[in-house]
1. Just one of (1) among the hydroxyl-bearing types (S, T, Y); (2) at pLDDT below 65; (3) under 21 Å from G35 (Cα atoms) trips up Y186, so point out which.
2. Out of all the residues in the stretch 192-210, which are farther than 13 Å from V13 by Cβ and buried (at least 19 other Cβ atoms within 10 Å of the Cβ)?
3. Would you confirm whether or not the stretch 23-31 contains a residue that is out of contact with any Gly (no Cβ under 6 Å at 6 or more places or on another chain), within 30 Å of N161 (Cβ to Cβ) and without any contact (Cβ under 8 Å) to a residue 12 or more places away in the chain?
4. Does the stretch 28-63 hold any residues that are farther than 19 Å from K122 by Cα and in a loop (DSSP other than H, G, I, E, B), and which are they?
5. Taking the stretch 16-27, which residues are part of a strand (DSSP E or B) and in contact with a helix residue (DSSP H, G or I) (Cβ under 9 Å, 6 or more places away or on another chain)?
6. Looking at this structure, is M96 touching a helix residue (DSSP H, G or I) at 6+ places or on another chain (Cβ under 9 Å) and touching a residue at least 60 places away in the same chain (Cβ under 8 Å)?
7. Please work out which one of (1) surrounded by fewer than 20 Cβ atoms within 10 Å (Cβ to Cβ); (2) under 18 Å from M139 (Cα atoms); (3) not acidic (D, E) is the condition R80 fails and give its number.
Amino acid sequence: MVSLAKTKTKSYVLTLKLKTELWQAHILEKRFEIGRKIYNACLGELLKRHKKLQHDKQYRHLAQQPKSKERNNLLNELYRQYGINEYAMHDFVKPMQHHFKKHIDSHTAQKIATRAWIAMEKLIFGNAKKVSFKKYNDMDSLEGKTNSTGIRFKNKHLLWNGLSIPVIIHPNDIYAHLALQDRIKYCRIVRRRIRGKIKYFLQLTLEGVPPKKINRQTGEIKHPIGRGDVGIDIGTQTVAICSMNNVKLLI
């Protein structure tokens, strides 16, 4: 099965609340709805292509053969010919992204197409009995591919196609300040319903391993590993961390 090659490194997720104004929330709501429609269009196209493939004589013959490397290679070639793979979905989504370019960037559109492909891939390999289209308000996250374009985090703000939304980072949230020292791989906007109200969050996928949890009352590391004391000074604008081997000022 043809999928895009991915280089994997250790990563973890930091979730931060967005301080959205009403007009910004309305734009995000519109973009989530556009994302839902793009997802459903991609999934519908994949189902249509797969149904067409199932009428192919060579496919029906191969489907009845014992599994082998040669059989898998031939099946992959058929999937490619019928446009049933991640690459093909990225091509399929281009015109839709161009139509909605004011709201959806190319990387986000590709990630939506990839989500539809992953759902279809599970069905093809028998890991799912069916695929489901997303109903209204069913799309609860949108994500980019890097932190350099599209959905990105910069200077304590979410930046995305004209939107600049403050990200809430409390001065005494040592964990968040430490996490933000790591490289950001990509960003995801998450929509949650909390006590009947819609709230938006920014999830940063960061490279590396999560920092140690800090006891906010004592400033000490929870479940410490290693030797030596660590001092933490929480100011109104900055957080200073000092140990025997390292000194950091987090802004």
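The values are calculated or read from the model by the stated rules, or taken from the named source; none is laboratory data. Please read all numbers here as calculations on a predicted model, not as lab measurements. So basically every Cβ, Gly included, is an ideal-geometry build from the backbone, and we count neighbours across all protein chains shown.
1. Evaluating Y186 over (1) among the hydroxyl-bearing types (S, T, Y); (2) at pLDDT below 65; (3) under 21 Å from G35 (Cα atoms) leaves (2) as the failure.
2. Selection gives Y200 alone.
3. yes
4. H55, D56
5. L16, L18
6. no
7. Only one criterion is unmet by R80, namely (2).
Yes/no matrix, rows are residues, columns are (1) among the hydroxyl-bearing types (S, T, Y); (2) in contact with a Lys or Arg (Cβ under 9 Å, 6 or more places away or on another chain); (3) within 30 Å of L62 (Cβ to Cβ):
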residue: M96; (1), (2), (3): no, yes, no
residue: H99; (1), (2), (3): no, no, no
residue: N127; (1), (2), (3): no, no, yes
residue: N137; (1), (2), (3): no, yes, no
residue: T146; (1), (2), (3): yes, yes, no
residue: K154; (1), (2), (3): no, no, no
